[in-house]
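First the structure, in the form of structure tokens, and then the observations on it.
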Amino acid sequence: MPITRRRLLGQALTTAALLKTAAPSLAKGEPQVVVVGGGAGGLLAARHLARAGVAVTLIEQNPRYTACFLSNAALGGLRPLSDFEFGYQGAERAGVRVVIAKVSGIDREARRLHLSDGSRIAYDRLILSPGIAFVEGSVPGWSESDSARMPHAWKAEPELARLIAQIDAMPEGGTFGLIAPPAPYRCPPGPYERVSMVAHRLTRQNPRAKIIIFDPKENYSKQTLFENAWERLYPGMIERLDPLMGGDLIEVRPRSMEVLADGEGFVLDVCNVIPAQRAGDLASEAGLCDESGWAPVDAAGFTSRIDPNIRVIGDAAAQGAMPKSAFAASTQALVAAQSLLAELGHQGAGAGQLANICYSLIAPDEGLKVGGDYEAQAGATVSVRNFISDPSEGPEALGATAAEAAAWYQALTGAMFG
């Protein structure tokens, strides 16, 4: 089927309707399935399984979820932070047993999870969606203990509010710095959408302020689209230092709010440090990661290549060509759930469709997107069709994409938490 933007958005919009349909009854004695991680991947996998009548337990350490996706809109002042906060009551109503606890370890041989409160939960099949962790020392001079002064705000934790407060407290004509991560990392266009939203906020309240991007990559997702937009919307405000300009040779000094790029010093008023990333700690501590720092899986069903009783989905998975995004995780959730159902002998489980769209806001009523369809070939995801916003798009098309992003967000969060 030829790819269309309407069809890809439709895949997200129909997920909510799919999860509202009645669950079929199944025979007793089904294996116990546990899902760890209540984000777009884990929560949707749990809900798909519950809909099929599987006894499924979701373990999530936070009683409330704060969405990373689209949260840069809060930095731009387009949405309040409360728009990104959700509870798990909807999942419980859908038949998912929700346990709020931190998993402190996985005994893979005994198929047992150890929780931080000392309790244990056995599983027959396990789906992990542990998200990301940061590579220690990847930004010389910075550690997570420095987040109060130089926040990462890359896990949608309270740091997002801290970063907003720091931006609002910048002196007139001050400088905001963003240290971009090397690939691969969560949400490839995310740092550059963030720059766009910070620029929008500063244009309204501190128009003489400057933004410097310290970037270790030669190029990045939607680069031409972003840079054309910055020139048009925020002329003279944004400067990017790529590897030719020292962007790959960074050292930070949190106490003095300095960044050194190949020895040249920059004094900043706000510095957003986004370090290099790897699979979440739970995956690495369970021995499910390889030397890349990510968890290798067979993309046909997202089964771990290290432990066949475990599936890994979302940002933590080393699955091939799919980017690490919420949209991608949501389709991986269905593929993994359908694969698990087929493995358990359920009829009509289906295969699911792997797809992705990355939306990026550049202004309140303007958006960009890149997306495509993916297939599992020889155990890895490969891109089979793709599209990207056209650089010649005018206000109407850019506005339609921004509206589409809002509709997708509403649909996805509705499917997860409704």
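The values are calculated or read from the model by the stated rules, or taken from the named source; none is laboratory data. Here the structure is a predicted model, which is why all the values come from computation and not from measurement. Here the Cβ positions follow ideal geometry from the backbone for every residue, glycine too, while neighbour counts run over all protein chains shown. Note: areas computed on protein heavy atoms with side chains; ligands, DNA, RNA excluded. Shrake-Rupley method; radii C 1.70, N 1.55, O 1.52, S 1.80 Å.
General remarks:
- Under-5 Å amide H pairs with residue 179, H placed in peptide plane, nonlocal only: 214, 272, 273, 274
- Between 0 and 90°, nearest 10: helix 5-20 axis offset from the chain longest Cα axis: 50 degrees
- Convex hull projection area averaged over all views, the stretch 98-137, Cα basis, nm²: 4.0 nm²
- DSSP beta bridges in the stretch 186-308 [antiparallel fraction, %, rounded to 5]: 70 percent
- Two-decimal Rg to Rh for the stretch 346-405 - Kirkwood Rh, Cα set: 1.16
- Histogram of C-alpha separations across the stretch 77-194, 5 Å bin width, %: 2, 7, 13, 16, 17, 14, 13, 10, 5, 2, 1, 0
- Between 360, 138, 292, the GNM of the chain built on Cα springs shorter than 10 angstrom shows 292 fluctuating the most.
- Angstrom value of the Kirkwood radius, inverse mean 1/r, which spans all Cα pairs in the stretch 233-273: 11.1 Å
- Mean shadow area of the stretch 257-297, taken as a quarter of the surface of its Cα convex hull (nm²): 4.6 nm²
- Spin-label zone in the stretch 184-226 - amide nitrogen under 19 Å from a point set 7 Å from the Cα of residue 232 along the C-beta vector: 192-201, 203-204, 221-226
- Whether the stretch 110-262 is rounded, prolate or oblate, judged on the alpha carbon gyration tensor where a/c under 1.5 counts as rounded: prolate
- Ranking 318, 300, 265 by Cα position along the charge dipole of the chain, where only Lys, Arg, Asp and Glu carry charges on their C-beta atoms, puts 300 farthest toward the positive end.
- When the Gaussian network model of the chain links Cα atoms closer than 10 Å, the mean-square fluctuations of 105, 399, 118 top out at 118.
- Stretchable slack from residue 309 to residue 365, in nm (0.36 nm times residue separation minus alpha-carbon distance): 15.6 nm
- Cα-based helix-to-principal-axis angle, 326-343 vs the chain, degrees rounded to 10: 10 degrees
- When the P(r) of the stretch 133-190 is calculated, the portion above 12 Å amounts to 72% of the C-alpha pairs.
- What the chain shows is 41 Å² of accessible area per residue, with the surface traced by a 1.4 Å probe over protein heavy atoms.
- Springs between Cα atoms under 10 Å define the GNM used for the chain, and in it the highest mean-square fluctuation of 131, 247, 394 occurs at 394.
- Projected onto its three principal axes, the C-alpha set of the stretch 234-320 covers 51, 31, 22 Å, listed from the longest axis down.
- Potential extension, residue 93-residue 392 segment - 0.36 nm per residue separation minus Cα distance: 103.0 nm
- Debye-sum result for the chain in log10 I(q)/I(0), which assumes one identical scatterer on each alpha carbon, at q = 0.13 Å⁻¹: -1.12
- Cα-based equivalent ellipsoid, the stretch 279-418: semi-axes from gyration tensor eigenvalues, Å: 31, 17, 14
- C-alpha long axis of helix 395-417 to longest principal axis of the chain, angle in °: 40 degrees
- Loop GluC sites (Glu not before Pro), the stretch 110-216, which have at most 16 other Cβ atoms in a 10 Å radius of their Cβ (DSSP): 136, 172
- Hull volume in cubic angstrom per residue (convex hull over the Cα atoms of the stretch 371-410): 75 Å³
- Accessible-area order (highest first, 1.4 angstrom probe) of the listed residues 388, 274: 388, 274
- Value of Rg/Rh across the stretch 102-161 [Cα atoms, Kirkwood radius]: 1.12
- Loop trypsin sites (Lys or Arg not before Pro), the stretch 170-217 (other Cβ atoms within 10 Å of the site Cβ: 13 or fewer; DSSP): 208
- Restricting the stretch 285-347 to trypsin sites (Lys or Arg not before Pro) in coil, as DSSP defines it, with at most 16 other Cβ within 10 Å: 305
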